[in-house]
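The numbers here are math on the coordinates, done by the rules we state, and not lab data. No experiment lies behind these values; they were computed from the predicted model shown. So basically every Cβ, Gly included, is an ideal-geometry build from the backbone, and we count neighbours across all protein chains shown.
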Amino acid sequence: MKAVTLHPRTIPVIEEADICVIGGSCTGVFAAVRAARLGAKVVIVEKQNRFGGVAVSSLVNIWHSLYDIDKKEQIIAGLSLEVLERLNKRDAVTGFGMTKHFSINSDELSIELDELIIEAKVKPFLHNMFTTPYVVDGKLEGIVVENKSGAGVIKAKIFIDASGDADLCKRSGLSMYTPDEPQPPTTCAKFANWTKNGDFDLGECLAQFREKYNLPIGYAWGTYVPNSDIYMLSGTRATKGNCANSKDLTQAEIEGRRQVRAIMDILRKELKRKDLSLQALPSYIGIRETRHINSLYKLLQNDLLNGTQLDDAIANGTYPVDIHHKNKPGITFMYLDGTQRYSCPGLTTNVERWRKETTDYPKYYQIPLRSIIPINSNNIITAGRMIDADKAAFGAARVMINLNQVGEAAGVAAFIALSESKEIEKVSSLQVRKLLHDGGSIIK
C-alpha cells in the first residue's frame, strides 16, 4: 500500500470532561445520561446528525419485551421504559402497556433523545468523527475528532466506546477479534400503501422471483410506524465483506439499496402493486456484527440459554438467539423453552428442540458486566454490539432492548471509576447493580 507522511500538527483542545462517550446510539445516549444524572460532566460524540443509532438512522423501529417469557414479571425498566413512556405521550409507540414488542416512531425517538441529552446537561458533539486516541505515557487522555471546523481534541478521564465497531478499543490497541462468519447487515426501508392492494406473502414472493432480481435468500419482517400507513420493511441481506472495513461497508450500502429497489420491482412489476411507493432509506445500513472485544469474561451460549444467574448481571433479556446466516439462507431462532426454529422464505419452517422438553426452563437470561470490560482497558469500557460473546449468545444479546441496559451499566460503571479513581476492571459490580437499581432499572 502506498503511503504519505504528514507534517506534525498542533490540534486545539475543544472540550474537557469527566467522561466521554464515543457513539450516539440509544446505547451511547443511555450511558451518557446515566453518568450525567449521577453528577459527572459528560460529552457524547456522534458521527451522524442525530442520536439513536440503528433505531433511528437505520430505521429499525422495534424494541422487544420488558417482561419474562411467561409475560408475567417485568424484568427491564430504566431508560428504556422511561423513553417508551415519553413516546407514548406523543402517540409515537404501538404496544405500550403490553407484554410484547413495541413499534416506535424513529423520528420521534430521535427528538426524545435530544431532550434526554439536554435535560441531563450532556454536551453533544454531532457531525464529529472520532479518528485517533490521544495517549500520554501509555494512558488514554483524549480523542481526536474531525468536524466541519477541523480537528479537535476532547479530553476526559473515562471513556465509553459505544461506536458499535469498537473503534476506540481497536485504535487504542486493545485485544479484539472478528468472527469468521459475522451476521450480515440489512438495509431497511419505509413504504407507503403497503397493504392498499390486499394482503400477500412477501416471503413467497421473494422466493419466487429472487433469481430473476438477484436477491439472496434471507429473512423478511416489518412493522408499521405508529399511527401511520408507513410500513418499515427489513428484507435485504448484504452477505459479502466486513462492515468494519471501509471498502466493504461502501459496497454493502450500495448493495442494500439495490436490493430494496429489487423488492420494489418485484412488488410493482410482478404483483402489479402500482400504488406502492418508497418513502425513506436509512442514512446507514443496519450492521449486526463486526468486531468484538476480548473481555474479562466471554458470555457463552450455555450461560444464556440456561438462564444462568450471574453475580455481576447488568441486563436481563428474553429475545431468542437469532442468527442471520452469512453463508446459508434463512435464519435460526433458539428459545429459552428449548425449541428451535429455522425459517427461510418460500420453505416450510423447521421446528425442533435443542433441549429435551421440560416444564422447568428459565424465564429470562442475564448479561454480565465483565463482558463489556476489555482486558487491560484501564479507563475504557464498552457499550454495544462489540460485547464479548460466542455466536449463539451474541445472537440474543445484540438486540436494542438488551444493549440499552448495557449502555446504562457502562455509564454507571464509568461514574464509579471516576468518583473512586479506580481502573474500570476494579469497579465493584455490586455497586454498579445498586446504582442501577436506585436509578430505576430492574436488576434481578
Cα extents of the stretch 327-381 per principal axis, largest first, Å, are 50, 34, 13
For the chain, calculate the relative contact order in percent as a whole number, restricting contacts to Cα pairs under 8 Å that are 6 or more residues apart. 21 percent
Out of Lys391, Lys426, Lys89, a Gaussian network model of the chain with alpha-carbon springs under 10 Å gives the largest mean-square fluctuation to Lys89
Looks like the stretch 98-188, by Cα gyration tensor root eigenvalues a ≥ b ≥ c and the a/c under 1.5 rounded cutoff (else prolate when a/b is bigger than b/c, oblate otherwise), is oblate
Normalised by the number of residues in the stretch 188-280, what is the relative contact order in percent for Cα pairs under 8 Å and 6+ residues apart? 39 percent
Using modelled backbone amide H atoms (1.01 Å from N, in-plane), which distant-in-sequence or interchain residues come within less than 5 Å of Glu73's amide H? Asp68
With just the Cα atoms of the chain, tell me how far they stretch along each of the three principal axes, in Å, largest first. 63, 58, 45
List the residues, sorted by chain then number, that are 5 or more residues from Met176 or on another chain and whose placed amide H is less than 5 Å from its amide H. Asn294
Would you work out which of Asn88, Gly78, Ser246 lies farthest towards the positive end of the dipole of the chain, given +1 charges on the beta-carbon of Lys and Arg and -1 on that of Asp and Glu, about the Cα centre? Ser246
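Pull out a ≥ b ≥ c, the square roots of the eigenvalues of the alpha-carbon gyration tensor of the stretch 288-409, then state rounded if a/c is under 1.5, prolate if not and a/b is larger than b/c, and oblate in the remaining case. Provide the component values of the computation, followed by the final result.
Details: a/c = 2.49, a/b = 1.52, b/c = 1.64.
Oblate shape, in that a/c is at least 1.5 and b/c is the bigger or equal ratio.
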Can you pull the one-decimal nm distance between simple spin-label points at Lys356 and Val13, each 7 Å off the Cα toward Cβ? 6.4 nm
Any chance you could get the radius of gyration and Dmax over the Cα atoms of the stretch 188-280, in Å? 13.7, 42
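Could you sort the peptides 123-135, 159-171, 19-31, 266-278 by per-residue average Cβ neighbour count (10 Å cutoff), highest mean leading?
On the way: 123-135: 17.5, 159-171: 26.5, 19-31: 30.7, 266-278: 15.2.
With the highest mean Cβ count within 10 Å placed first, the list reads 19-31, 159-171, 123-135, 266-278.
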Which residue fluctuates the most in the chain, going by a Gaussian network model with Cα springs under 10 Å, if the choices are Asn88, Asn306, Asn245? Asn245
Just to be sure I understand: with springs between alpha-carbon atoms less than 10 Å apart, which residue in Gln340, Gln279, Gln366 has the highest mean-square fluctuation in the Gaussian network model of the chain? Gln279
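I need the calculated FRET efficiency for the pair Glu119 and Glu85, taking r as the beta carbon distance and R₀ as 22 Å, to the nearest 0.05.
On the way: r = 14 Å, r/R0 = 0.65.
According to the calculation, E is roughly 0.95.
Given charges of +1 on the Cβ of Lys and Arg and -1 on the Cβ of Asp and Glu, with all other atoms neutral, how large is the dipole of the chain about its Cα centre, in debye to the nearest 20? Provide the component values of the computation, followed by the final result.
Numbers: 55 positive and 51 negative charges, 191 e Å.
The calculation lands at about 920 debye.
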